[in-house]
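Heads up: the structure comes next, in structure tokens.
The values are calculated or read from the model by the stated rules, or taken from the named source; none is laboratory data. Computed from a prediction, not measured in an experiment: that's the story for all the values here. FYI the Cβ positions are ideal-geometry reconstructions off the backbone, even for glycines, and counts take in every protein chain you see. All accessible areas refer to the heavy atoms of the entire protein, side chains included, with ligands and DNA or RNA removed. Shrake-Rupley method; radii C 1.70, N 1.55, O 1.52, S 1.80 Å.
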Amino acid sequence: MQFQFDMSARSFPPMETPAAPASEVQQLLAQILEVQKEQLAHFRALLSAHDGGARWKAFLARWREDFPDLSEDCRQALPILERSYGKLIAELTENLSQSGSEALENDFALQEFLDRFGMRLSQLGTILNLVAPFAEAGSPSGSA
């Protein structure tokens, strides 16, 4: 089975598009604009609902008189905490690499590992997660 199409016709019949009245087009454009404005308002509300920094900025603003230097103090403490956290993780990974594949094979070794690193790493991570938002919320670049 073979098909043959003749594509030699160079002119196609003009398509007639019904011209809409100007008032109808203007009305449609106004409706589109209104919907876009509503979408923008919804997106802004969604963004503000998911802005974690806004919560901490509000906290700092509310307690500015009682804790005027809280953000700056957190900003200064953050590198020290991050360095300690990094050292602890480096110590943990070094311990694992030196112990080899049998490092956590039995319950005793696992418990010893958790006793040595688990609590300190967990608590230091929690402190970092509490201090960092205050440092970021009060920063000049964070308040833009």
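Taking the C-alpha atoms only, the angle from helix 119-137 to the longest principal axis of the chain is near 50 degrees. Of Ala22, Ala103, Ala90, the residue with the greatest mean-square motion in the GNM of the chain, using alpha carbon springs below 10 Å, is Ala22.
Of the GluC sites (Glu not before Pro) found in region 61-144, the ones in coil according to DSSP and having at most 13 other Cβ atoms within 10 Å of their Cβ are Glu65, Glu102, Glu105.
Rounded to the nearest 500, the 222 nm mean residue ellipticity of the chain from helices alone is -22500 deg cm²/dmol, with -39,500 (n - 2.57) taken per DSSP H run of at least 4 residues.
Largest GNM mean-square fluctuation among Phe43, Phe59, Phe108, using the chain with Cα springs under 10 Å: Phe108. Angle of helix 52-62 to the longest C-alpha principal axis of the chain, folded into 0 to 90 degrees and rounded to 10: 60°. Measure nothing but the geometry: give the 0 to 90° angle between the long axis through the Cα atoms of 22-49 and the longest principal axis through the Cα atoms of the chain, rounded to 10°. Rounded to the nearest ten degrees, it is 10. Shape class for the chain: oblate, because the ratio a/c of the largest to smallest gyration tensor axis (alpha-carbon atoms, square roots of eigenvalues) is 1.5 or more and b/c is at least a/b.
Across the chain, C-alpha contacts under 8 Å between residues 6 or more apart give a mean separation that, scaled by the residue count, equals a relative contact order of 35 percent. Take the chain with all the other protein chains still there, run a 1.4 Å probe, and you get 86 Å² of accessible area per residue.
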